[in-house]
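Here's the structure we're looking at; comments come further down.
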Amino acid sequence: MIEDIKQEARGRMQKSIEAFKVELSKIRTGRAHPSLLNHVTVDYYGSEVPIGQAANIAVEDARTLAVTPWDKSMVATIEKAIMTSDLGLNPSTAGTVIRVPMPPLTEERRKELVKVVRELAENARVAVRNIRRDGNNDLKSLAKDKDISEDDEHKGQDLVQQVTNESTDEIENLLQDKEKELMEI
């Protein structure tokens with residue numbers, strides 16, 4: 001029973017860390033990466049679809065993305081979708097290829113992004129602590145129902161705390177890596 005609670009907590013904490021990684025990947029560092037456009041949607045013959053379903057997105061060089069629509073008539077629509085997205089990008093079209101240059105980040109913008117990243121990390125830590133609390137509550141209810149002894153409850157809480165520490169350390173490492181990446185010029 002204790003091992004089940006520990007494994008469930010570990011699984012849920014891992015999902016929180018994965019969600020944190022997804023959020024980090026959305027934060028732009030000035031380097032071109034196809035995932036930057038993942039949340040941009042395009043009106044593709046009457047239905048909103050992710051840009052990846054309407055075009056091929058490739059990295060042309062360190063600061064430029066090349067977007068090639070599957071359907072040549074969609075060039076203007078895709079260009080407009082990128083322009084109106086919240087990314088602040090200014091694409092330019094050359095025939096059927098849309099080039100999206102990544103503007104360099106200013107020092108002020110870098111510091112703002114670091115604050116955002118720290119806030120995301122704190123949210124991930126809070127989620128992990130909530131999962132720890134849930135695991136400890138499960139252990140307490142098992143002890144209260146006399147399904148496990150008090151010693152087993154304490155051992156279980158130590159195991160859950162150990163998993164929590166591993167998860168918060170991983171979040172901290174991801175945060176430091178992203179901060180370093182953001183402050184790199």
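Assigned by TED's automatic domain parsing to the domain that holds PHE20, more than 30 Å from PRO104 (Cα to Cα), among the hydroxyl-bearing types (Ser, Thr, Tyr) and touching a residue at least 60 places away in the same chain (Cβ under 8 Å): which single residue out of SER167, SER141, SER149 fits that description? Outline the logic, then answer.
Working: SER141 fails: touching a residue at least 60 places away in the same chain (Cβ under 8 Å); SER149 fails: touching a residue at least 60 places away in the same chain (Cβ under 8 Å).
Just one listed residue meets the conditions, SER167.
Filter region 20-35 for residues that are in contact (Cβ under 8 Å) with a residue 60 or more places away in the chain and under 14 Å from the mean Cα position of the chain (by Cα) and give the result.
Step one: of region 20-35, the residues in contact (Cβ under 8 Å) with a residue 60 or more places away in the chain are 20-21, 23-24, 27-32.
If the condition is that a residue be in contact (Cβ under 8 Å) with a residue 60 or more places away in the chain and under 14 Å from the mean Cα position of the chain (by Cα), then PHE20, LYS21, GLU23, LEU24, ILE27, ARG28, THR29 are the ones that fit.
Of the listed requirements (1) of a type in the set (Lys, Arg); (2) touching a helix residue (DSSP H, G or I) at 6+ places or on another chain (Cβ under 8 Å); (3) loosely packed, with under 14 Cβ neighbours inside 10 Å, LYS178 misses just one: (3). When LEU65 is tested against the conditions (1) within 30 Å of HIS154 (Cα to Cα); (2) surrounded by 14 or more Cβ atoms within 10 Å (Cβ to Cβ), the lone failure is (1).
Within region 100-142, take every residue that is charged (D, E, K, R) and modelled with pLDDT under 90 and give me the one that is nearest to GLU3 (Cα to Cα).
Narrowing region 100-142 to residues charged (D, E, K, R): 107-112, 115, 118-119, 122, 125, 129, 132-134, 138, 140.
Imposing the further condition that a residue be modelled with pLDDT under 90 reduces the set to 107-112, 115.
Working: GLU107: 48, GLU108: 47, ARG109: 45, ARG110: 43, LYS111: 42, GLU112: 42, LYS115: 37 Å.
Per the criteria, the residue is LYS115.
Is there a residue in region 38-52 that is among the small types (Gly, Ala, Ser), closer than 22 Å to LEU105 by Cα, within 25 Å of the chain's Cα centre (by Cα) and outside the structural domain of GLN176 (by TED's automatic domain parsing)? Step through it out loud before you land on a result.
First pass over region 38-52, keeping only residues among the small types (Gly, Ala, Ser): 46-47, 52.
When the remaining residues are screened for being closer than 22 Å to LEU105 by Cα, the result is none.
Scanning region 38-52, I find no residue that is among the small types (Gly, Ala, Ser), closer than 22 Å to LEU105 by Cα, within 25 Å of the chain's Cα centre (by Cα) and outside the structural domain of GLN176 (by TED's automatic domain parsing), so the answer is no.
Within region 112-119, identify whether any single residue is basic (Lys, Arg) and surrounded by 14 or more Cβ atoms within 10 Å (Cβ to Cβ), and answer yes or no.
Taking region 112-119 first, the residues basic (Lys, Arg) are 115, 118.
Now restrict to residues that are surrounded by 14 or more Cβ atoms within 10 Å (Cβ to Cβ): none.
Within region 112-119 (the criterion being basic (Lys, Arg) and surrounded by 14 or more Cβ atoms within 10 Å (Cβ to Cβ)), the answer is no, since none of the residues qualifies.
Of all residues in region 58-74, count the ones that are farther than 12 Å from VAL100 by Cβ and at pLDDT below 85.
Taking region 58-74 first, the residues farther than 12 Å from VAL100 by Cβ are 62, 69-74.
Still in the running and at pLDDT below 85: 62.
Of the residues in that region, 1 qualify.
Residues in region 148-157 that are surrounded by 12 or more Cβ atoms within 10 Å (Cβ to Cβ) and among the acidic types (Asp, Glu) were compared, and the one that is farthest from LYS15 (Cα to Cα) is ASP152. Of all the numbered requirements in (1) assigned to a helix (DSSP H, G or I); (2) surrounded by fewer than 18 Cβ atoms within 10 Å (Cβ to Cβ), ILE131 misses one, and that requirement is (2).
The values are calculated or read from the model by the stated rules, or taken from the named source; none is laboratory data. Since this is a predicted model, take the numbers as computed values, not measurements. Please note: Cβ atoms are built from the backbone with ideal geometry, for glycine as well, and neighbour counts cover all protein chains shown.
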